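Each remark here refers to the structure printed beneath this line.
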Amino acid sequence: MFRNSLAAFTIVLFLFISNFSYGEEMRFGISLGLTGQYAPIGNMQKNALRLWEEKVNRTGGILGRKVKLIVYDDKSDPDTAKAIYRRMIVQEKMDFLFPPYSSGLTSAILPITEKYGYPMLLHGAAADSIFRKGYRYIFGIFPPATRYTLGFVELLLTHRIKRIAIYSSDDPFGVNIANGAVRWSKRLGLSIVSRKTFKKGTRDLTFLARECRNLKAEAVVMCGHFDESVDMRIAFKKTGWYPRAYWASAGPVLNKYKTTLGVLSENTFSSTQWTYHDKLPFPGSKDFYYSFKGKYGTEPSYHAATAYTAGDILTVAIRKAGNTNRDRIRKILSSMDRMTLLGRFGVDRTGMQIRYFHLIIQWIDGKKHVVWPKELSTAKPRLK
Amino acid sequence: MTGKLFRFTRYLAFRIIFPIVITWVVLGLAMNYYVNGLVYDFISMSIEEDMTWLSREVQNICNSSLDTMIKSGKSGDEINTKIIQNRAMLEIEDLLRHYYADGMLTDMNKDLLLTTELPVTSDELYSAYMPEQLNSIIINEKMYYFSYVSFDPWNWSIYILKPAGSYDRIKDELQNVYLIIAALLLLAMAVIIYLIYLAVSLPIKNIIFDLRDGKKPEYTGAYEIEFLSKSIHEMMDSLESLNRDLEKRVEIRTRELADAKELAEDATKAKSQFLARMSHEIRTPMNAIIGLTNIVLKGQLLEEQRNQLTKVVSSSMHLLEIINDILDFSRVESGKTELMIHQFSLRDLMDRIISMFRLKAIDGEIEFFYIIDSDVPINLKGDSTKLGQILINLIGNAVKFTEQGFIIVKVFLKKELEQQNDEVWLGFSVKDSGVGIAEDKQDELFEPFTQLDNSMSRRHEGTGLGLSITRSFVNLMGGEIELKSRVGEGSEFTFHARFQISDWNRDYVIFRADEFSGKRVLVIDDSSISCEIFREILESMGFTVITETDPISALSDYATETVGSGIAFDLVIADWNMPGINGFELINRIRSEYPSGNNDSAFFVITTIYDGSEKFRDELIKDNAVHGIIYKPLNSFEVANSIHRIFGREKSKKEIIVRDDNTSRNKKFYDYGRSRILLVEDNEINRDVAVIILESYGFQVEVAFNGEDAIKKIREALSEDESYYKAVLMDIQMPVMDGYEATRIIRNDRTMNHLKVIAMTANALDEDKRKCLESGMNDYVSKPIDENELISKLARYINIDNEGNDVVAEQSVQRKVNGNLLLNSEKALILFNGNSSLYYSILEKFISQNGSFYENLLNLKNNVAYDKMALEVHSLKGASGNIGAEKLFNTVTSFESKLLNNRDNLNDDDYRGLGEVIENTVAEINRFQFSRKEEIPDTKSEFKELDYGRMLEHLSELEVYLKSNDSRVVKSFISFKKSVNAVLFQEEVEKMEEYIYNLDTEKALGVVSRIKNDLEVKRQG
């Protein structure tokens, strides 16, 4: 009798423990361009999220459950990304998902995640158009792309630079940034001497540089990713002409810009969501910066910071919900107002980030310096 | 009960559920209307509040930005101002986006979009703006609400736009709520309906099903339904109780009805039996009275006694008529009258009926006509007895109520009625010029026991049933009877009836319409009706007819026609009795005054009323004063026949045969003396009457007293000679064994079943007659015995063998040559009115006169005496036709035709052929005469004793008939011949026979007188 009872108790206990162990693991899925054109940013974001996974699990997980981050490589391809997200939802039944990098890939997978009601913290997409499609489960980490150039245009105004040429690759991200640049230029009274869009992947941009020179542009804005920022700078060199101020999106934020261009990187402006320096007043920035650098041996870019922040915000929301009910978590995210390492987090009804703003950085003497806003700047902007 | 409840259930659904549904729908629609209003108001207010709030917020942002700029002390710095203004715009953008709004800002006449691109200018918005109102504008087919904010410090005009579609969500959500509520209401309604079904319909249905199954409902549950169930239960109990009572009552009533029916049936049966018994009981003594009186009348009586006995017979006959009428009426009333369908000749029937009234018509000053249209089929199937009764009744009435004038009886085809192949509708009309009947009395006329004028009915006896019976009979024949009458002008009764056309002689025709085409006839008769009747008949034969009612004018007509056109009349018909000049005188005057006309080829005919004598005929025809006499009443047959006879045109063989077949039924001559009849009769008087009548016709009569006695006698007689009895006259009601039973035994016995059995019964009902036939009898005669009917029927049956073949026809050697009979004795006998003796003597004369005809013919040929030859041949043709030598007749006719038309065509073969036919015919006659003499036993040996008294009676009767030229003279002579000892008076009797057959009345009377005197001497001696 006693033996039988003991055997039954042992079986029940085993089942309980097994079940508990399985239930404790909270799975988070993500697809990133670990290869392909977005590979540098993709890997940066993967590392940041791994760091978040470690930190969360180190502090007891979420709701008592361990966090498991599952990362897939979408090869920077939208169709691959869509297939991966469908699989993660339908077959793997992930508890939560993070979106891929770039506005293009994010736009591709959002219809799927929206259908199944997965809250998505957009740590890799800033195109304004995403927020005009009526999605209910999206929350921007980036400020709108249209506002990338706001600080730079103010800088031009204060330095009385009036003639501006604006170029963009034909991807949504680039176009959105360029549109913003046009808007701010108009509002602040600048003269737009050229506004053109070129095919993404076009490497020789000397024709643009030549045009700028011919139009006597004082400032040039290149809206695109890393390659476009580098290629434009090379084009200036080729034409032997350089504007009083050159601003490029994405590329100059990375140290790779400097390593790629060397001295040519000097004086280049860019906008960043985040860049660490000792005066940065946002909580967790220092910890993140050093943890990342310590773990991976390289400085984290703002892409890494946005990815880490996305994980952090989602953790807070789940904990606040007390369960994994995604609708409840969506509501919490909709009304969240919180200081993160990127600054103050807050979205409007469309999910667009309205609290963060961009910092304007400039490569000066081989270093990135915050030059705008003045209150957070580490150096004065250098204009020819 | 069940049906009503079932219907109630059907209405229950209608009355409860349908109103609920309607109420629900109405409430839903009302709520929809109300809620829509509320939603609209709510949305309007929300929009207005939204726009107001947004405008205020935008204003606040601008104020706040300006304040910040002023406090910073850089309000005069243009660059700083632009930067501050841009940041203010950013804040406004965020605000608008957060609230799904769009915005446009105009700064120094420059439109700056605050949100997405808007295809509208500030000027357009400004134009559409209405202060203090909720403004809206359509942009790209989408509606926007908008408000306007003016921020003067910066000269900003800000337009805030919000798509109307952004409020659709509210509508959608309300609609969803609404749909959910509607669905819930529908569900609630369905639940309620189901509950009603459970609470009301289902229990009622169960109650109904119980009722249908004949069970009493036992529902318990809802009070109302339970109450209903109990009520029905109680009602069914009451109904059951009531039903039990009713069943008892019905049972009692049924029993009472059955008893009453039984009583009624008994009464009906008793009535029928009474009628039958009365009929029988009355007829039996009537038979005795009439029969015996008639027998007495045949004897020598004082004139006064004869008158008195004649009145006895007349009164008895009248009484019999009354009894017949009452019986007929009774049968009609009880619906037992049925048609007895058989073949008959319409012409014979009409002849018989008309002859009944002929003398009566003569008594008054009435002209009598009867016409049968030429298209009326003569041989019919139907109930001739009832048709006869109808016509007798109608004609009798016409005679009764017409003192002078005319009576016209007409038979015509009722063409307006559908004539089937085998059926024909015939119309009959009896028109008179009598007293007529008032219009208001005409309807009553056909009611039973109705006599219009008591004084008239006293004068003309009657029961008042005749027309009622007549109408019933007409109706029975499928027809209707009508009356047209005016007082003082006469009456016309018309009826129609349906008959079948007999196969017996479907194509009988009296004459052909074109037979006398081109012939002209002058008819002179002071009676215009006579003239018209003649016209109708003669024109239908093809004559051109001119009529004249004034004899003097007729002379003028004759003169005109003769002198004027040179065309004479082929025939002149003059009435004997005309005012001023009689017909004979008129004809003489025509002949004497117009000898130049073609009088030699014209025929002259006298018409006169037949008065039973033929005084004119001998006188007129003897002197060749006229060629013929047509007796009135006129009828189409007689006129046609007379005309044919006068013109010397023989009818076609077919016509003759047909006609002869018709008449032969009643007119065949039979040698009754060799026919033995068994009379089965229990009543002594009836027995005596029948024996006397039968013996008076020469029958040998044996008597049996009942059925059993009859069977015994028949068996005994037939064991020795199976043709011992020619017929059995069988009474019906007899002790020991009745006539039906006796007949059944006869029919079931192979040794006797060939016997002809004729019922002789006082049971005159139709069903009695049918029973007679069903029991196997061949025919029936009713009592009181009609002598003619009895003899006629006996004549019909005793000469027909078992196979229905005519014995006479068989016994006669009917040799045919090339399809024609050498001697058609049967047909000839008919022409001789059944007078066989006359026929035999004519045959002998024919042989004596024509035995050497062929030799004479050759002599005439050799002497080229063709005129004489023509006369001889013509004479032979007439003689051969008269004796029924058909082959000879046809041969002679052909010969004569060749002789008259072109004698050169006659060759030796024609002469030789005629000679051979004459020779064969003579041989055939000799054979026939020989066989006849062999078959007829010597009647002389049958009289063992001389009964002078009886001989004298016969002679007296014969004398009367001879004096009155009565046609019964032949029959009377035969009776006398049988009663007299021919040995004693052989020479005288032979002479008498010759005179009689030669119509030499005077000489015959002389012989009668001599024999009578001798007998008186012998009797006294």
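The values are calculated or read from the model by the stated rules, or taken from the named source; none is laboratory data. No experiment lies behind these values; they were computed from the predicted model shown. Neighbour counts run over all protein chains shown; Cβ positions are idealised from the backbone, glycine included. We work out accessible area using only protein heavy atoms, side chains counted, and drop any ligands, DNA or RNA first. Shrake-Rupley method; radii C 1.70, N 1.55, O 1.52, S 1.80 Å.
Taking every residue in A:174-183, how many Cβ atoms of other protein chains lie within 10 Å of its Cβ, on average?
Taking all residues of A:174-183 together, the mean is 1.
Among the aspartates and glutamates, which have Cα under 16 Å from the Cα of residue B:400 when same-chain residues fewer than 8 positions away are ignored?
Hits, sequence-local ones excluded: B:321, B:363, B:365, B:367, B:432, B:453, B:461, B:489, B:492.
With θ taken as phi - 60° and the coefficients 6.51, -1.76 and 1.60, list the Karplus ³J(HN,Hα) couplings across region B:187-199 in order, rounded to whole Hz; mark glycine and proline as x.
So the Karplus estimates, Gly and Pro as x, are 4, 4, 5, 4, 5, 5, 4, 5, 5, 5, 4, 5, 7 Hz.
Taking H as built 1.01 Å from N, whose amide H comes closer than 5 Å to the amide H of residue A:354, not counting residues under 5 places away?
Those qualifying (amide H under 5 Å, at least 5 residues apart or on another chain) are A:346, A:347, A:348.
What does the net charge come to around residue B:216 if you take all other residues with beta carbon closer than 14 Å to its beta carbon, with K and R at +1 and D and E at -1?
-4
Collect residues whose amide H, placed 1.01 Å from N in the peptide plane, falls under 5 Å from the amide H of residue B:759; neighbours closer than 5 in sequence don't count.
B:730, B:778, B:779, B:780, B:781
Run the helix sum for chain A: -39,500 (n - 2.57) per DSSP H stretch of 4+ residues, divided by residue count, reported at 222 nm to the nearest 500 deg cm²/dmol.
-14000 deg cm²/dmol
Could you give each residue of region B:860-872 its phi-based ³J(HN,Hα) in whole Hz, using Karplus coefficients 6.51, -1.76, 1.60 with θ = phi - 60°, and x for Gly or Pro?
4, 5, 5, 8, 6, 8, 6, 4, 5, 4, 4, 5, 4
What does the structure give for B:79-90 when I average, per residue, the other chain Cβ atoms found within 10 Å of the residue Cβ?
4
Expressed as a fraction of 2.2 N^0.38 Å, the rule-of-thumb size for a compact globular protein of N residues, what is the C-alpha radius of gyration of region B:177-297?
My calculation over the Cα atoms of region B:177-297 gives 2.73.
Just to confirm a number: summing +1 for Lys and Arg and -1 for Asp and Glu over residues other than residue B:776 whose beta-carbon lies under 12 angstrom from that of residue B:776, what do you get?
Net charge around residue B:776: 0.
Distance check, please: which entries in B:311/B:381; A:46/A:384; A:238/A:367; B:713/B:771; A:216/A:237 exceed 28 angstrom between their Cα atoms?
Long pairs (Cα-Cα over 28 Å): B:311/B:381; A:46/A:384.
Measure out, as a whole number of angstrom, how far apart the alpha-carbon centroids of region A:175-222 and region B:107-185 sit.
Between the Cα centre of region A:175-222 and that of region B:107-185, the gap is 34 Å.
Please list, in order along region B:468-480, the HN-Hα scalar couplings obtained from phi with the Karplus expression 6.51 cos²θ - 1.76 cosθ + 1.60 (θ = phi - 60°), rounded to whole Hz, x for Gly and Pro.
Result, rounded to whole Hz: 5, 5, 4, 4, 4, 5, 4, 4, 4, 8, x, x, 10.
Note down the net charge around residue A:383, summing +1 for each Lys or Arg and -1 for each Asp or Glu among other residues with Cβ under 11 Å from its Cβ.
+4
If each Cα of region B:32-173 is one equal point scatterer, what is log10 of I(q)/I(0) from the Debye formula at q = 0.12 Å⁻¹?
-0.52
Can you give me the long-range amide H partners of residue B:547? Hydrogens built in the peptide plane at 1.01 Å from N, cutoff under 5 Å, separation of 5 or more residues or another chain.
B:523
Quick check on region B:676-728: take the gyration tensor over C-alpha atoms, sort the square-rooted eigenvalues as a ≥ b ≥ c, and tell me if it's rounded (a/c under 1.5), prolate or oblate.
The shape class here is oblate.
If I build a Gaussian network model for chain A, linking alpha-carbon pairs within less than 10 angstrom, which residue out of A:207, A:96, A:142 has the largest mean-square fluctuation?
A:207
Please identify the DSSP H helices in chain A that span no less than 24 Å along the helix axis (Cα) and have a mean Kyte-Doolittle hydropathy of -0.5 or more.
Qualifying helices, which must be both long enough and hydrophobic enough, are A:2-24, A:302-321.
B plus A alone minus the pair: what accessible area, both sides summed, probe 1.4 Å, in Å² to 100?
1900 Å²
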